[in-house]
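Written out below as C-alpha coordinates is the structure these notes cover.
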Amino acid sequence: MAITLEKEIERRRTFAIISHPDAGKTTLTEKFLLYGGAIQSAGAVKGKASDRHAVSDWMDLEKQRGISITSSVMQFEYDGYCINILDTPGHQDFSEDTYRTLMAADSAVMVIDAAKGIEPQTRKLFRVCAMRDIPIFTFINKMDREARDPFDLLDELEHEFGIGTYPVNWPIGCGVNFHGVYDREKREILAFADAHSGRSRIEGTRCDLAETEKMDSLIGEYRRRELCEQVELLDAASFEFDLEKVRHGKLSPVFFGSALNNFGVEPFLKSFLAMTTPPLARQTVEGEVDPLRDPFSAFVFKIQANMNKAHRDRIAFMRICSGRFDREEEYFHVQAGKSIRLSRPQQMMAKERAGIDTAYAGDIIGVFDPGIFSIGDTVCDSRHRVRFEGIPTFAPEHFAMIEQVDSMKRKQFAKGMSEIAEEGAIQIFFEPGAGMERVVVGVVGVLQFEVLEYRMENEYGVKMRRSAMPHEKIRYLDASPVPAGKLKLTSDTRWVQDVRGRDLLIFTGDWSINFALQNNEGLELREFEKR
(Lines give C-alpha, C1' and ligand atoms only; values in the text may rest on other atoms or scores of the structure.)
Protein backbone atom coordinates (compact mmCIF):
# COMPACT_ATOMS: atom_id res chain seq x y z
CA MET A 1 0.00 0.00 0.00
CA ALA A 2 1.44 3.35 -1.06
CA ILE A 3 2.36 5.85 1.62
CA THR A 4 0.40 9.08 1.28
CA LEU A 5 2.04 12.46 0.73
CA GLU A 6 1.07 13.50 4.25
CA LYS A 7 2.62 10.38 5.82
CA GLU A 8 5.84 10.80 3.82
CA ILE A 9 6.28 14.39 4.95
CA GLU A 10 5.36 13.72 8.57
CA ARG A 11 8.06 11.08 8.93
CA ARG A 12 10.77 13.54 7.78
CA ARG A 13 13.21 14.94 10.33
CA THR A 14 15.72 17.50 9.10
CA PHE A 15 18.28 18.81 11.55
CA ALA A 16 21.72 20.35 11.76
CA ILE A 17 24.48 19.27 14.13
CA ILE A 18 26.49 22.19 15.48
CA SER A 19 29.39 22.53 17.89
CA HIS A 20 32.71 24.10 18.67
CA PRO A 21 35.62 22.29 16.95
CA ASP A 22 36.64 19.00 18.56
CA ALA A 23 33.47 18.61 20.64
CA GLY A 24 32.69 15.35 18.81
CA LYS A 25 30.04 16.51 16.38
CA THR A 26 31.24 14.49 13.39
CA THR A 27 31.70 11.38 15.53
CA LEU A 28 28.11 11.69 16.79
CA THR A 29 26.90 12.12 13.21
CA GLU A 30 28.62 8.91 12.18
CA LYS A 31 27.12 6.96 15.06
CA PHE A 32 23.66 8.08 13.92
CA LEU A 33 24.49 6.78 10.45
CA LEU A 34 25.76 3.55 11.98
CA TYR A 35 22.47 2.94 13.81
CA GLY A 36 20.55 3.71 10.64
CA GLY A 37 22.60 1.17 8.69
CA ALA A 38 23.86 3.86 6.32
CA ILE A 39 27.47 2.88 7.07
CA GLN A 40 29.00 -0.30 8.48
CA SER A 41 31.83 1.24 10.50
CA ALA A 42 32.61 4.75 11.64
CA GLY A 43 35.79 6.39 10.38
CA ALA A 44 38.00 8.07 12.94
CA VAL A 45 38.79 11.66 12.04
CA LYS A 46 42.57 11.62 11.79
CA GLY A 47 45.23 13.91 10.41
CA LYS A 48 47.15 11.35 8.34
CA ALA A 49 46.22 10.49 4.80
CA SER A 50 46.58 6.77 5.55
CA ASP A 51 43.90 6.78 8.27
CA ARG A 52 40.17 6.36 7.86
CA HIS A 53 38.19 9.56 7.90
CA ALA A 54 34.76 10.75 8.85
CA VAL A 55 32.25 9.84 6.16
CA SER A 56 30.87 13.38 6.26
CA ASP A 57 34.29 14.96 5.53
CA TRP A 58 34.51 14.67 1.74
CA MET A 59 37.09 17.35 0.88
CA ASP A 60 40.73 16.12 0.86
CA LEU A 61 41.82 19.10 2.93
CA GLU A 62 39.29 18.13 5.61
CA LYS A 63 40.86 14.70 5.83
CA GLN A 64 44.35 16.19 6.12
CA ARG A 65 43.39 18.76 8.76
CA GLY A 66 40.97 16.52 10.68
CA ILE A 67 38.26 19.21 10.75
CA SER A 68 35.01 19.82 8.89
CA ILE A 69 35.47 22.69 6.43
CA THR A 70 32.21 22.59 4.52
CA SER A 71 28.72 21.44 5.38
CA SER A 72 27.71 17.99 4.20
CA VAL A 73 24.31 16.39 3.75
CA MET A 74 23.34 12.83 4.65
CA GLN A 75 19.99 11.05 4.41
CA PHE A 76 19.15 7.71 5.99
CA GLU A 77 16.23 5.72 7.39
CA TYR A 78 15.85 4.80 11.06
CA ASP A 79 12.92 3.38 13.01
CA GLY A 80 10.35 4.52 10.44
CA TYR A 81 11.78 8.04 10.12
CA CYS A 82 13.49 9.51 7.06
CA ILE A 83 16.32 11.58 8.49
CA ASN A 84 18.21 14.38 6.79
CA ILE A 85 21.35 15.35 8.71
CA LEU A 86 23.23 18.54 7.95
CA ASP A 87 26.74 18.25 9.37
CA THR A 88 28.30 21.71 9.72
CA PRO A 89 31.81 23.10 10.18
CA GLY A 90 32.63 23.87 13.81
CA HIS A 91 35.46 26.32 13.22
CA GLN A 92 34.40 29.97 13.38
CA ASP A 93 36.21 30.75 10.11
CA PHE A 94 33.51 28.74 8.32
CA SER A 95 30.57 30.19 10.25
CA GLU A 96 28.86 31.60 7.16
CA ASP A 97 28.47 28.11 5.69
CA THR A 98 27.06 26.93 9.02
CA TYR A 99 24.65 29.87 9.14
CA ARG A 100 23.26 29.13 5.67
CA THR A 101 22.92 25.46 6.52
CA LEU A 102 20.93 26.27 9.65
CA MET A 103 18.44 28.08 7.41
CA ALA A 104 17.63 24.68 5.88
CA ALA A 105 17.16 22.86 9.22
CA ASP A 106 14.03 22.41 11.33
CA SER A 107 15.97 21.79 14.55
CA ALA A 108 19.53 21.67 15.83
CA VAL A 109 21.60 19.30 17.93
CA MET A 110 24.23 21.20 19.89
CA VAL A 111 27.22 19.07 20.91
CA ILE A 112 29.20 20.26 23.95
CA ASP A 113 32.46 18.91 25.33
CA ALA A 114 31.79 17.86 28.93
CA ALA A 115 35.24 19.07 30.04
CA LYS A 116 35.13 22.46 28.28
CA GLY A 117 31.49 23.47 28.45
CA ILE A 118 30.28 26.34 26.29
CA GLU A 119 32.93 27.76 23.96
CA PRO A 120 32.92 30.95 21.83
CA GLN A 121 31.70 29.36 18.60
CA THR A 122 28.93 27.53 20.48
CA ARG A 123 27.58 30.90 21.64
CA LYS A 124 27.55 32.31 18.12
CA LEU A 125 25.77 29.27 16.67
CA PHE A 126 23.21 29.24 19.46
CA ARG A 127 22.26 32.85 18.68
CA VAL A 128 21.60 31.86 15.07
CA CYS A 129 19.35 29.01 16.23
CA ALA A 130 17.52 31.33 18.63
CA MET A 131 16.86 33.80 15.80
CA ARG A 132 15.30 30.95 13.82
CA ASP A 133 13.05 29.95 16.77
CA ILE A 134 13.90 26.28 16.22
CA PRO A 135 14.22 23.45 18.78
CA ILE A 136 17.71 23.06 20.25
CA PHE A 137 18.75 19.70 21.71
CA THR A 138 21.96 19.45 23.72
CA PHE A 139 24.24 16.42 23.76
CA ILE A 140 26.97 16.76 26.39
CA ASN A 141 29.68 14.57 24.97
CA LYS A 142 32.90 12.88 26.12
CA MET A 143 31.61 11.73 29.49
CA ASP A 144 34.10 8.85 29.19
CA ARG A 145 36.77 11.47 29.95
CA GLU A 146 37.20 13.67 32.98
CA ALA A 147 34.33 16.16 32.93
CA ARG A 148 32.96 19.18 34.72
CA ASP A 149 30.18 18.78 37.27
CA PRO A 150 26.94 18.17 35.30
CA PHE A 151 25.01 20.65 37.48
CA ASP A 152 27.58 23.33 36.62
CA LEU A 153 27.21 22.54 32.93
CA LEU A 154 23.43 22.92 33.11
CA ASP A 155 23.79 26.18 35.02
CA GLU A 156 26.18 27.52 32.38
CA LEU A 157 23.77 26.59 29.58
CA GLU A 158 20.89 28.37 31.29
CA HIS A 159 22.82 31.53 32.09
CA GLU A 160 24.76 31.83 28.84
CA PHE A 161 21.80 31.20 26.55
CA GLY A 162 18.90 32.41 28.70
CA ILE A 163 16.87 29.22 28.21
CA GLY A 164 15.70 26.42 30.45
CA THR A 165 17.25 22.97 30.42
CA TYR A 166 15.68 19.59 31.04
CA PRO A 167 18.08 16.68 31.58
CA VAL A 168 16.44 13.70 29.88
CA ASN A 169 19.14 11.44 31.27
CA TRP A 170 21.84 11.88 33.89
CA PRO A 171 25.45 10.64 33.91
CA ILE A 172 26.69 8.10 36.42
CA GLY A 173 30.24 9.28 37.03
CA CYS A 174 32.72 10.38 34.36
CA GLY A 175 36.10 9.41 32.92
CA VAL A 176 37.23 5.90 33.90
CA ASN A 177 34.37 5.88 36.41
CA PHE A 178 31.68 6.58 33.84
CA HIS A 179 29.25 3.68 34.32
CA GLY A 180 26.28 4.74 32.22
CA VAL A 181 23.25 7.01 32.34
CA TYR A 182 20.03 7.28 34.31
CA ASP A 183 16.82 7.60 32.26
CA ARG A 184 14.57 10.07 34.10
CA GLU A 185 11.37 9.08 32.29
CA LYS A 186 11.73 5.33 32.82
CA ARG A 187 13.42 5.83 36.22
CA GLU A 188 16.02 3.23 35.45
CA ILE A 189 19.72 3.16 34.72
CA LEU A 190 21.41 1.97 31.58
CA ALA A 191 24.79 0.63 32.73
CA PHE A 192 27.63 -0.36 30.43
CA ALA A 193 30.13 -2.99 31.50
CA ASP A 194 32.57 -2.42 28.61
CA ALA A 195 32.41 1.34 28.38
CA HIS A 196 35.93 1.85 27.10
CA SER A 197 36.13 -1.12 24.74
CA GLY A 198 35.70 1.01 21.62
CA ARG A 199 33.07 -1.37 20.21
CA SER A 200 30.74 0.16 17.65
CA ARG A 201 27.57 -0.86 19.51
CA ILE A 202 27.36 -1.46 23.23
CA GLU A 203 24.51 -3.29 24.88
CA GLY A 204 23.55 -1.83 28.24
CA THR A 205 22.03 -3.47 31.29
CA ARG A 206 18.81 -1.84 32.46
CA CYS A 207 17.97 -1.63 36.13
CA ASP A 208 15.16 0.10 38.01
CA LEU A 209 16.29 2.71 40.53
CA ALA A 210 14.47 0.80 43.27
CA GLU A 211 16.45 -2.40 42.67
CA THR A 212 19.09 -1.61 45.29
CA GLU A 213 21.06 -4.85 45.20
CA LYS A 214 21.22 -5.00 41.41
CA MET A 215 22.20 -1.34 41.29
CA ASP A 216 25.02 -1.94 43.78
CA SER A 217 26.35 -4.83 41.69
CA LEU A 218 26.29 -2.75 38.52
CA ILE A 219 27.65 0.62 39.64
CA GLY A 220 28.66 0.17 43.30
CA GLU A 221 26.99 1.34 46.50
CA TYR A 222 28.74 4.73 46.55
CA ARG A 223 27.67 5.55 43.00
CA ARG A 224 24.11 4.40 43.72
CA ARG A 225 23.82 6.66 46.77
CA GLU A 226 25.31 9.61 44.89
CA LEU A 227 22.94 9.04 41.95
CA CYS A 228 19.88 8.86 44.22
CA GLU A 229 20.83 12.18 45.82
CA GLN A 230 21.34 13.83 42.41
CA VAL A 231 18.04 12.47 41.07
CA GLU A 232 16.21 13.82 44.13
CA LEU A 233 17.78 17.24 43.57
CA LEU A 234 16.91 17.16 39.87
CA ASP A 235 13.29 16.27 40.51
CA ALA A 236 12.95 19.12 43.00
CA ALA A 237 14.87 21.90 41.28
CA SER A 238 15.01 21.37 37.50
CA PHE A 239 12.63 22.81 34.91
CA GLU A 240 9.44 20.89 34.12
CA PHE A 241 9.36 19.26 30.71
CA ASP A 242 7.24 21.29 28.26
CA LEU A 243 7.20 20.11 24.64
CA GLU A 244 5.79 23.42 23.40
CA LYS A 245 8.73 25.29 24.91
CA VAL A 246 11.12 22.75 23.40
CA ARG A 247 9.68 23.30 19.94
CA HIS A 248 10.16 27.07 20.21
CA GLY A 249 13.72 26.90 21.48
CA LYS A 250 12.84 28.03 25.03
CA LEU A 251 13.71 24.73 26.71
CA SER A 252 16.59 22.51 25.66
CA PRO A 253 16.41 18.77 26.41
CA VAL A 254 19.88 17.71 27.59
CA PHE A 255 21.47 14.30 27.13
CA PHE A 256 24.78 13.02 28.49
CA GLY A 257 26.93 10.39 26.81
CA SER A 258 29.98 9.51 24.78
CA ALA A 259 29.74 9.45 21.00
CA LEU A 260 33.10 7.74 20.62
CA ASN A 261 32.09 4.80 22.82
CA ASN A 262 28.36 4.84 22.00
CA PHE A 263 27.28 5.71 25.53
CA GLY A 264 23.68 6.88 25.33
CA VAL A 265 23.77 7.64 21.59
CA GLU A 266 20.86 5.45 20.48
CA PRO A 267 18.60 6.46 23.43
CA PHE A 268 19.37 10.07 22.54
CA LEU A 269 18.49 9.49 18.88
CA LYS A 270 15.19 7.82 19.77
CA SER A 271 14.16 10.58 22.20
CA PHE A 272 15.24 13.33 19.84
CA LEU A 273 13.22 11.95 16.93
CA ALA A 274 10.13 11.69 19.11
CA MET A 275 10.45 15.25 20.41
CA THR A 276 11.46 17.19 17.31
CA THR A 277 8.98 18.20 14.65
CA PRO A 278 8.31 17.17 11.07
CA PRO A 279 8.71 19.98 8.50
CA LEU A 280 6.94 23.16 9.58
CA ALA A 281 5.47 26.07 7.63
CA ARG A 282 8.05 28.41 6.07
CA GLN A 283 7.81 32.15 5.55
CA THR A 284 7.80 33.62 2.04
CA VAL A 285 7.37 37.17 0.78
CA GLU A 286 3.73 36.24 0.03
CA GLY A 287 3.05 34.57 3.40
CA GLU A 288 3.46 31.12 4.92
CA VAL A 289 3.94 27.98 2.85
CA ASP A 290 2.30 24.86 4.30
CA PRO A 291 4.51 21.77 3.78
CA LEU A 292 1.51 19.44 3.53
CA ARG A 293 -1.05 21.41 1.55
CA ASP A 294 0.97 23.60 -0.81
CA PRO A 295 2.61 22.30 -4.00
CA PHE A 296 6.36 21.96 -4.46
CA SER A 297 8.59 24.81 -3.32
CA ALA A 298 12.27 24.90 -2.36
CA PHE A 299 15.16 27.30 -1.86
CA VAL A 300 18.89 27.05 -2.61
CA PHE A 301 21.00 27.28 0.54
CA LYS A 302 24.34 26.00 -0.73
CA ILE A 303 26.29 25.66 -3.96
CA GLN A 304 29.34 23.42 -4.19
CA ALA A 305 31.67 22.92 -7.14
CA ASN A 306 33.84 19.85 -7.74
CA MET A 307 32.53 17.67 -4.90
CA ASN A 308 33.67 14.68 -6.92
CA LYS A 309 36.74 14.96 -9.15
CA ALA A 310 35.21 12.39 -11.51
CA HIS A 311 32.18 14.63 -12.13
CA ARG A 312 33.71 18.14 -12.15
CA ASP A 313 30.27 19.66 -11.80
CA ARG A 314 28.45 22.14 -9.60
CA ILE A 315 25.70 21.06 -7.25
CA ALA A 316 22.99 23.36 -5.93
CA PHE A 317 21.61 22.11 -2.61
CA MET A 318 17.90 22.76 -2.12
CA ARG A 319 15.71 22.43 0.93
CA ILE A 320 12.23 21.31 -0.11
CA CYS A 321 9.74 23.32 1.94
CA SER A 322 6.42 22.03 0.65
CA GLY A 323 4.82 19.34 -1.45
CA ARG A 324 6.50 16.69 -3.54
CA PHE A 325 9.30 16.91 -6.07
CA ASP A 326 8.96 14.86 -9.27
CA ARG A 327 11.91 14.40 -11.58
CA GLU A 328 9.90 14.76 -14.78
CA GLU A 329 8.10 17.97 -13.80
CA GLU A 330 9.03 21.48 -14.87
CA TYR A 331 9.31 24.08 -12.09
CA PHE A 332 9.57 27.85 -11.98
CA HIS A 333 12.88 29.52 -11.12
CA VAL A 334 11.69 32.75 -9.54
CA GLN A 335 14.90 34.79 -9.80
CA ALA A 336 15.40 33.86 -13.47
CA GLY A 337 11.71 34.30 -14.21
CA LYS A 338 11.41 31.13 -16.29
CA SER A 339 10.43 27.48 -16.16
CA ILE A 340 13.21 24.92 -15.84
CA ARG A 341 13.65 21.22 -15.39
CA LEU A 342 15.89 20.35 -12.42
CA SER A 343 18.68 18.30 -13.93
CA ARG A 344 20.14 15.16 -12.36
CA PRO A 345 18.31 15.32 -9.00
CA GLN A 346 20.13 13.37 -6.33
CA GLN A 347 20.38 12.75 -2.63
CA MET A 348 23.65 12.69 -0.78
CA MET A 349 25.67 10.67 1.66
CA ALA A 350 28.48 13.22 1.98
CA LYS A 351 30.16 12.96 -1.49
CA GLU A 352 28.31 9.77 -2.50
CA ARG A 353 25.31 10.39 -4.72
CA ALA A 354 22.17 8.51 -5.66
CA GLY A 355 19.78 9.63 -8.37
CA ILE A 356 16.17 10.11 -7.29
CA ASP A 357 12.78 10.40 -8.96
CA THR A 358 10.84 11.89 -6.04
CA ALA A 359 11.48 13.79 -2.81
CA TYR A 360 9.29 15.46 -0.20
CA ALA A 361 9.07 18.50 2.05
CA GLY A 362 11.89 18.28 4.56
CA ASP A 363 14.29 16.57 2.15
CA ILE A 364 17.55 18.06 0.94
CA ILE A 365 18.27 17.40 -2.72
CA GLY A 366 21.15 18.30 -4.97
CA VAL A 367 20.64 19.31 -8.61
CA PHE A 368 23.13 20.02 -11.37
CA ASP A 369 23.80 23.74 -11.63
CA PRO A 370 24.95 24.99 -15.04
CA GLY A 371 25.56 28.41 -13.48
CA ILE A 372 21.95 29.60 -13.16
CA PHE A 373 21.46 29.36 -9.40
CA SER A 374 22.51 31.65 -6.57
CA ILE A 375 22.23 31.14 -2.84
CA GLY A 376 18.74 32.10 -1.68
CA ASP A 377 17.01 31.38 -5.02
CA THR A 378 13.47 30.00 -4.97
CA VAL A 379 12.20 27.17 -7.17
CA CYS A 380 8.48 26.38 -7.05
CA ASP A 381 5.38 25.12 -8.84
CA SER A 382 4.61 27.52 -11.69
CA ARG A 383 0.90 27.57 -10.73
CA HIS A 384 1.63 28.57 -7.14
CA ARG A 385 4.51 31.03 -7.25
CA VAL A 386 6.19 32.09 -4.05
CA ARG A 387 9.51 33.69 -3.13
CA PHE A 388 11.43 32.78 -0.01
CA GLU A 389 13.19 35.57 1.82
CA GLY A 390 16.89 35.93 1.02
CA ILE A 391 19.63 34.30 3.05
CA PRO A 392 21.86 36.88 4.77
CA THR A 393 25.57 36.96 4.04
CA PHE A 394 28.27 38.00 6.47
CA ALA A 395 30.40 41.05 5.70
CA PRO A 396 34.03 40.07 4.99
CA GLU A 397 36.41 40.91 7.82
CA HIS A 398 39.72 39.88 6.21
CA PHE A 399 41.02 40.89 2.81
CA ALA A 400 43.91 39.79 0.58
CA MET A 401 45.22 40.55 -2.89
CA ILE A 402 45.24 37.36 -4.96
CA GLU A 403 47.32 36.99 -8.13
CA GLN A 404 47.95 34.05 -10.42
CA VAL A 405 51.54 32.80 -10.54
CA ASP A 406 51.42 31.46 -14.11
CA SER A 407 50.12 34.08 -16.56
CA MET A 408 49.35 31.29 -19.06
CA LYS A 409 46.56 30.02 -16.82
CA ARG A 410 44.42 33.14 -16.97
CA LYS A 411 41.24 31.29 -17.99
CA GLN A 412 41.61 28.66 -15.25
CA PHE A 413 42.23 31.40 -12.69
CA ALA A 414 39.15 33.36 -13.74
CA LYS A 415 36.97 30.24 -13.79
CA GLY A 416 38.14 28.96 -10.40
CA MET A 417 37.79 32.31 -8.64
CA SER A 418 34.33 32.89 -10.12
CA GLU A 419 32.98 29.41 -9.32
CA ILE A 420 34.29 29.34 -5.75
CA ALA A 421 32.96 32.87 -5.15
CA GLU A 422 29.49 31.76 -6.31
CA GLU A 423 29.46 29.20 -3.47
CA GLY A 424 29.33 32.13 -1.04
CA ALA A 425 32.33 31.31 1.17
CA ILE A 426 34.50 34.05 -0.35
CA GLN A 427 33.69 37.41 -1.91
CA ILE A 428 35.73 38.65 -4.88
CA PHE A 429 36.23 42.30 -5.82
CA PHE A 430 38.06 43.97 -8.66
CA GLU A 431 40.23 47.05 -8.72
CA PRO A 432 38.85 49.12 -11.62
CA GLY A 433 41.12 48.72 -14.62
CA ALA A 434 43.22 45.92 -13.09
CA GLY A 435 41.61 43.07 -15.04
CA MET A 436 41.07 39.51 -13.82
CA GLU A 437 44.75 38.64 -13.28
CA ARG A 438 44.58 40.20 -9.83
CA VAL A 439 41.55 40.31 -7.53
CA VAL A 440 40.76 41.33 -3.97
CA VAL A 441 39.27 38.49 -1.92
CA GLY A 442 37.26 39.09 1.25
CA VAL A 443 36.49 36.32 3.76
CA VAL A 444 34.87 35.97 7.18
CA GLY A 445 37.71 33.81 8.57
CA VAL A 446 41.36 33.62 7.54
CA LEU A 447 41.29 29.81 7.12
CA GLN A 448 39.12 30.42 4.07
CA PHE A 449 42.24 31.76 2.32
CA GLU A 450 43.97 28.42 2.91
CA VAL A 451 40.95 26.55 1.55
CA LEU A 452 40.88 28.84 -1.48
CA GLU A 453 44.57 28.25 -2.24
CA TYR A 454 44.17 24.50 -1.82
CA ARG A 455 41.11 24.28 -4.05
CA MET A 456 42.53 26.54 -6.76
CA GLU A 457 45.62 24.35 -7.06
CA ASN A 458 43.92 20.95 -6.70
CA GLU A 459 40.67 21.58 -8.58
CA TYR A 460 41.74 24.15 -11.21
CA GLY A 461 45.51 23.56 -11.47
CA VAL A 462 46.32 27.17 -10.61
CA LYS A 463 48.91 28.35 -8.12
CA MET A 464 48.28 31.78 -6.65
CA ARG A 465 50.15 34.44 -4.74
CA ARG A 466 48.43 35.96 -1.70
CA SER A 467 49.27 39.32 -0.12
CA ALA A 468 47.49 40.15 3.13
CA MET A 469 45.75 43.53 3.30
CA PRO A 470 45.20 45.56 6.50
CA HIS A 471 41.55 46.29 5.71
CA GLU A 472 38.71 45.18 8.00
CA LYS A 473 35.57 47.06 6.88
CA ILE A 474 33.65 47.22 3.62
CA ARG A 475 30.85 49.56 2.54
CA TYR A 476 28.73 50.00 -0.57
CA LEU A 477 28.96 53.39 -2.23
CA ASP A 478 25.28 54.37 -2.35
CA ALA A 479 25.69 58.01 -3.37
CA SER A 480 28.79 60.06 -4.17
CA PRO A 481 29.30 63.77 -4.96
CA VAL A 482 32.10 62.88 -7.41
CA PRO A 483 33.23 59.72 -9.25
CA ALA A 484 34.56 57.09 -6.85
CA GLY A 485 38.14 57.55 -8.07
CA LYS A 486 38.11 61.24 -7.13
CA LEU A 487 36.83 60.95 -3.55
CA LYS A 488 38.94 62.37 -0.72
CA LEU A 489 39.96 59.26 1.19
CA THR A 490 42.76 58.13 3.48
CA SER A 491 45.76 56.70 1.61
CA ASP A 492 44.93 53.17 2.76
CA THR A 493 41.28 53.19 1.66
CA ARG A 494 40.69 51.13 -1.52
CA TRP A 495 38.01 51.52 -4.17
CA VAL A 496 36.81 48.19 -5.60
CA GLN A 497 33.87 46.82 -7.57
CA ASP A 498 31.93 43.60 -7.14
CA VAL A 499 30.95 41.07 -9.81
CA ARG A 500 27.88 43.18 -10.65
CA GLY A 501 29.97 46.31 -11.19
CA ARG A 502 28.80 48.05 -8.02
CA ASP A 503 31.24 50.40 -6.29
CA LEU A 504 32.49 49.65 -2.79
CA LEU A 505 35.14 51.05 -0.46
CA ILE A 506 37.25 48.94 1.88
CA PHE A 507 38.66 50.58 4.98
CA THR A 508 41.26 49.75 7.61
CA GLY A 509 38.88 50.81 10.41
CA ASP A 510 36.17 53.17 11.63
CA TRP A 511 38.50 56.20 11.54
CA SER A 512 38.92 55.84 7.78
CA ILE A 513 35.13 55.54 7.33
CA ASN A 514 34.55 58.73 9.36
CA PHE A 515 37.24 60.55 7.37
CA ALA A 516 35.50 59.66 4.10
CA LEU A 517 32.11 60.84 5.35
CA GLN A 518 33.44 64.09 6.82
CA ASN A 519 35.49 65.06 3.75
CA ASN A 520 32.99 64.22 1.01
CA GLU A 521 29.71 66.04 1.49
CA GLY A 522 26.81 64.03 0.09
CA LEU A 523 28.67 60.70 0.34
CA GLU A 524 26.39 57.85 1.43
CA LEU A 525 27.79 54.49 2.53
CA ARG A 526 25.81 51.33 3.20
CA GLU A 527 26.72 48.21 5.15
CA PHE A 528 27.26 44.94 3.34
CA GLU A 529 23.91 43.74 2.05
CA LYS A 530 21.96 40.52 2.42
CA ARG A 531 21.47 38.42 -0.68
Original post:
In what sequence, highest mean first, do 31-39, 383-391 appear when ranked by Cβ atoms within 10 angstrom?
Top reply: 31-39, 383-391
Original post:
Spin-label point model (7 Å from Cα, Cβ direction): what's the Arg502 to Ala354 distance in nm?
Top reply: 4.1
**OP:** Once you have the Cα-Cα distance between Asp155 and Glu330, take 0.36 nm times their residue separation minus that, and quote the gain in nm to one decimal.
**Re:** 57.8 nm
**OP:** Return the distance in nm (one decimal) between the two label points of a simple spin-label model at Trp511 and Ser339, each offset 7 Å from Cα along Cα→Cβ.
**Re:** 6.1
**OP:** Starting from the Cα of Ser467, move 7 Å in the Cα-to-Cβ direction to define the label point; list residues of region 430-459 whose amide nitrogen is under 19 Å from there.
**Re:** 430-443, 449-450, 453
**OP:** With the full set of protein chains in place, find how many percent of the accessible area of the chain is carbon and sulfur; take the probe as 1.4 Å.
**Re:** 46
Original post:
Taking the Cα-to-Cβ direction at Met436 and at Ser407 and moving 7 Å from each Cα, how far apart do the two end points lie in nm?
Top reply: 1.7
Subject >> Spatial separation of Cα centroids for region 208-225 and region 78-157, in angstrom >> reply: 33
**OP:** Quick one: check the C-alpha center-to-center distance for region 488-509 versus region 465-481, whole angstrom.
**Re:** 4
**OP:** Report Val446's accessible area, 1.4 Å probe, all protein chains in place, as a number in Å² to the nearest 10.
**Re:** 80
Subject >> Set Lys25/Lys186; Lys250/Lys270; Lys25/Lys250; Lys270/Lys302; Lys31/Lys250; Lys25/Lys124 screened for pairs whose C-alpha atoms are more than 24 Å apart >> reply: Lys25/Lys186; Lys270/Lys302; Lys31/Lys250
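Using a simple charge model, +1 on the beta-carbon of Lys and Arg, -1 on the beta-carbon of Asp and Glu, nothing else, what dipole does region 205-321 show about its Cα centre, in debye to the nearest 20?
Numbers: 16 positive and 18 negative charges, 206 e Å.
The dipole magnitude comes to about 980 debye.
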Subject >> Rounded accessible area per residue of the chain, 1.4 Å, Å² >> reply: 43
Subject >> Modelled FRET efficiency - R0 25 Å, Ser382 with Tyr454, Cβ distances, 0.05 increments >> reply: 0.05
Original post:
Which residue, chosen from Met408, Gln304, Gly485, occupies the Cα position most advanced towards the positive end of the dipole of the chain, where the dipole is computed from +1 (Lys, Arg) and -1 (Asp, Glu) charges on Cβ about the Cα centre?
Top reply: Met408
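To the nearest 0.05, what FRET efficiency results for Glu524 and Val482 with a Förster distance of 22 Å applied to their C-beta separation? Show your work: numbers first, answer last.
Working: r = 13 Å, r/R0 = 0.59.
That gives a FRET efficiency of 0.95.
Ranked by accessible surface with a 1.4 Å probe, highest first, in what order do Met417, Met464 come? Please list the in-between numbers first.
Working: Met417 0, Met464 30 Å².
The ranking, largest first, comes out as Met464, Met417.
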Original post:
By the gyration tensor of its Cα atoms, with a ≥ b ≥ c the square roots of the eigenvalues, what is the shape of region 376-489: rounded for a/c under 1.5, prolate for a/b over b/c, or oblate?
Top reply: oblate
Original post:
Whole-Hz Karplus ³J(HN,Hα) for region 281-286, in order, using 6.51 cos²θ - 1.76 cosθ + 1.60 and θ = phi - 60°, x for Gly and Pro?
Top reply: 4, 10, 8, 10, 4, 8
Original post:
Among Asn458, Trp511, Ala210, which residue has its Cα positioned farthest towards the positive end of the charge dipole of the chain, with +1 placed on the Cβ of Lys and Arg, -1 on the Cβ of Asp and Glu, and the dipole taken about the Cα centre?
Top reply: Asn458
**OP:** Work from the charge dipole of region 112-232 (Cβ charges, +1 for Lys and Arg, -1 for Asp and Glu, about the Cα centre) and give the residue of Ile219, Ile140, Gln230 farthest towards its positive end.
**Re:** Ile140
Subject >> For the chain, calculated [θ]222 nm from helices alone, where every DSSP H run of n ≥ 4 adds -39500 (n - 2.57) >> reply: -7500 deg cm²/dmol
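So what are the chain's ellipsoid semi-axes, whole angstrom, largest first, if each one is the square root of 5 times an eigenvalue of the alpha-carbon gyration tensor? Intermediate values should be presented prior to the final figure.
Working: eigenvalues 386, 145, 105 Å².
Listed largest to smallest, the semi-axes of the chain are 44, 27, 23 Å.
The values are calculated or read from the model by the stated rules, or taken from the named source; none is laboratory data. Fair warning: this is a prediction, and the values are worked out from it, not measured in the lab. Reconstructed Cβ throughout: ideal geometry from the backbone, glycine too, with neighbour counts over all protein chains shown. The accessibility values were calculated without ligands, DNA or RNA, using every heavy atom of the protein model including side chains. Shrake-Rupley method; radii C 1.70, N 1.55, O 1.52, S 1.80 Å.
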